[in-house]
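Reading through the structure tokens given below for one structure.
The values are calculated or read from the model by the stated rules, or taken from the named source; none is laboratory data. Everything numeric in this text was worked out from a predicted model, so none of it was measured. We place every Cβ from the backbone using ideal geometry, glycine too, and count neighbours over all the protein chains shown.
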2 protein chains.
Amino acid sequence: MGELILTTFDWVPEPPRGFVRDIRVRWALEEAGLPYRVETVEFGDHKAAPTAHQPFGQVPWLTDGDLSVFESGAILLHLGERSPPLLPADEPARGEAIEWLFAALNSVEAASLPWSLCIFTGDTESAAYRMFDDFLKVHRLKHLEPVLAAREWLAGTFSVADIMMADVLRLVDRFGGLADFPACRAYVTRATTRPAFRKAHADQLAHFAAGDEARR
Amino acid sequence: MGELILTTFDWVPEPPRGFVRDIRVRWALEEAGLPYRVETVEFGDHKAAPTAHQPFGQVPWLTDGDLSVFESGAILLHLGERSPPLLPADEPARGEAIEWLFAALNSVEAASLPWSLCIFTGDTESAAYRMFDDFLKVHRLKHLEPVLAAREWLAGTFSVADIMMADVLRLVDRFGGLADFPACRAYVTRATTRPAFRKAHADQLAHFAAGDEARR
């Protein structure tokens, strides 16, 4: 592995602090015990200028020597392929971790993102909100609940799938969406009490607090 | 590779035909020239009963000998790792294909799914629809347009990233969302005129037509 550099925003306003997606990468790097440093791009209108590193103007991206990777899912997979504590090397556990990594994004977050955007904009009386609330709770969390009640981690041992799923569910929990799903809540607690998460979370908060200082 | 079995619904109503996600897997299998057979689960209330194969009660899933994989993204990656025409073996092209596979799902489809659900339910006057329309067009397609104007395929050569991105954009195009993005439209045309897509598409339509016969 080359030198690892994580790029995130120089600063964000208060509400997203603790939830900016660089936390997924910080968390994985802490779990793997990999050294890295942080570089920044300027935050403006919720995004940076699109570049070859990130065509949509978002963060994070990771450079690993000559390689540059965007999309939090692709970054976790990249790190997992190079670090056994993040991704089991053998089938079927490896495949299970990868399918749950995709499921966290494309089954659960695909439902929780529009749901949380409606809540964030105060639009909880609309037909659209009710559709997304049903999509998230009836079609996703109701099925995830027995899975998480029956196992500690999605692929048997802790993996990048749990970093992704717990981070997705953590935002749902922030908006009260896990009230009827105790196994999902217990899973979020299991994941976020790990020392690597706590370190990553504290580091993100400290990073943006330093951004406040720099802006003064 | 073991025997490949793709599982999809036995039948679906007219509107989603040609767009059921098993087409992503059929298309990849045709591109790779891999033999496979199709099994079915009963369609009811837009999903099947959740099983160990698919915890959310969706399709498709793929079994490869003793392995069972769900999530269309994970299935494409599984096939790509076993078939060089679907995923370049060497960096940086391999990593580019994987990050764009995630981007198709978690950047573009994350925006196009709520947008298309609003249109599908006739909810195009709401604040939620306007938010998702802006999310899709201003924050995603506007940035994807110059990328697709500058290259034939996302990772240099055709890969699973193009199967996923073209399938996601194809549904946006069906609802008129690519009108202002000519490079995105040209890309969809490039991808869907490939013989492997045409075969996959015809096979899906024939499969569900056979389901009509069986229901009579």
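Take the residues in the stretch B:45-74 that are within 8 Å of another protein chain (Cβ to nearest Cβ) and of a type in the set (A, V, I, L, M), then tell me which one is farthest from the chain's Cα centre (by Cα). In this case the residue turns out to be B:L67.
Residues that are under 9 Å from the mean Cα position of the chain (by Cα) and of a type in the set (A, V, I, L, M, F, W, C) were ranked within the stretch A:5-26; the one that is surrounded by the fewest Cβ atoms within 10 Å (Cβ to Cβ) is A:F19. From the set of residues in the stretch B:27-51 that are within 30 Å of B:P85 (Cα to Cα) and among the small types (G, A, S), which is surrounded by the fewest Cβ atoms within 10 Å (Cβ to Cβ)? Out of the qualifying residues, it is B:G33.
For (1) modelled with pLDDT under 95; (2) within 15 Å of the chain's Cα centre (by Cα), each residue gets a yes or a no:
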{"residue": "B:L105", "(1), (2)": "no, yes"}
{"residue": "B:F120", "(1), (2)": "yes, no"}
{"residue": "B:D123", "(1), (2)": "yes, no"}
{"residue": "B:T157", "(1), (2)": "no, no"}
{"residue": "B:A161", "(1), (2)": "no, yes"}
{"residue": "B:R185", "(1), (2)": "no, no"}
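For B:S112, the conditions (1) within 14 Å of chain A (Cβ to nearest Cβ); (2) surrounded by fewer than 17 Cβ atoms within 10 Å (Cβ to Cβ); (3) hydroxyl-bearing (S, T, Y) are fulfilled apart from (2). Checked against the criterion of being touching a Phe, Trp or Tyr at 6+ places or on another chain (Cβ under 6 Å) and either aliphatic (A, V, I, L, M) or over 20 Å from B:Q58 (Cβ atoms) (or both), the candidates A:A179, A:A166, A:A161, A:A110 yield just one match: A:A161.
The single condition among (1) within 7 Å of chain A (Cβ to nearest Cβ); (2) outside any loop (DSSP other than H, G, I, E, B) that B:W100 does not meet is (1). When the helices (runs of 4 or more DSSP H) confined to the stretch B:118-198 are screened for residues that are closer than 18 Å to B:V20 by Cα and of a type in the set (D, E), those reaching at least 2 such residues are found at B:160-174. The numbered conditions (1) surrounded by fewer than 23 Cβ atoms within 10 Å (Cβ to Cβ); (2) facing another protein chain (nearest Cβ under 7 Å) are all true for A:F120 except (2). Among the residues in the stretch B:83-93, are any closer than 23 Å to B:D162 by Cβ and buried (at least 22 other Cβ atoms within 10 Å of the Cβ)? For the stretch B:83-93, residues closer than 23 Å to B:D162 by Cβ and buried (at least 22 other Cβ atoms within 10 Å of the Cβ): present. If B:R37 satisfies all but one of (1) within 11 Å of another protein chain (Cβ to nearest Cβ); (2) in contact with a Leu (Cβ under 9 Å, 6 or more places away or on another chain); (3) farther than 22 Å from A:A103 by Cβ; (4) in contact (Cβ under 8 Å) with a residue 12 or more places away in the chain, what's the number of the condition it fails? That leaves (1) as the condition not met. Out of all the residues in the stretch B:76-94, is one or more at the interface with another protein chain (Cβ under 10 Å from one of its Cβ atoms), touching a residue at least 40 places away in the same chain (Cβ under 8 Å) and under 14 Å from the mean Cα position of the chain (by Cα)? Scanning the stretch B:76-94 turns up at least one residue that is at the interface with another protein chain (Cβ under 10 Å from one of its Cβ atoms), touching a residue at least 40 places away in the same chain (Cβ under 8 Å) and under 14 Å from the mean Cα position of the chain (by Cα).
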